[in-house]
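What follows draws every value from the coordinates through simple rules; no lab data is involved. All of these numbers come straight from a predicted model, not from anything done at the bench. FYI the Cβ positions are ideal-geometry reconstructions off the backbone, even for glycines, and counts take in every protein chain you see.
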Amino acid sequence: MKHSSTRQTRRGRGPAHRIGRSLAFVLPVVLVLSGTLAVTRVDWSGDPSDSVLAASEASSSKASSARAPHEVLRDRLLTELQEEDPGVALTHLQQAVNERPSLADHCATIARALGRAAVKAYGPTRAQSYARPVCDTAFASGVLAAHG
């Protein structure tokens, strides 16, 4: 009887056990090597002209300069919402629309995005407490869409 139970235990370990043991030895080596390779790609000299990161920053700055004004405004207001509160972001949205009437077409979309972000940051009840008639009821509909 003891002999057969030993046999079942060995069968139970089979190829999955061997693969798991192989991964346990190989995975740390792969992680160390990939981390080492990543560190070697960073320019530690402090000279940004030949840095891989400088190239990616240059391409991202070109992308941000090509972005539409309403996208820049939306991103700035979403940051304000996180750093301050939704009330500050909504006030600045209203001011931006008053100063640049061309942004009025995008006001409701931006306000809905602010409403969704407010629910994520503050919860639905607290987010709704910041609602005001900026761009009609777009902020409140954004809160409702994120909550419901």
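The eigenvalues of the Cα gyration tensor, multiplied by 5 and square-rooted, give segment 91-148 an equivalent ellipsoid with semi-axes of 21, 10, 8 Å from largest to smallest. Please find the FRET efficiency linking Ser22 to Ala68, where r is the Cβ-Cβ separation and R0 is fixed at 41 Å, and quote it to the nearest 0.05. With R0 = 41 Å, the Cβ-Cβ based efficiency is 0.20. Stretching Ala121 away from Arg76 to a fully extended chain increases their span by 14.6 nm, per 0.36 nm per residue minus the current alpha-carbon distance.
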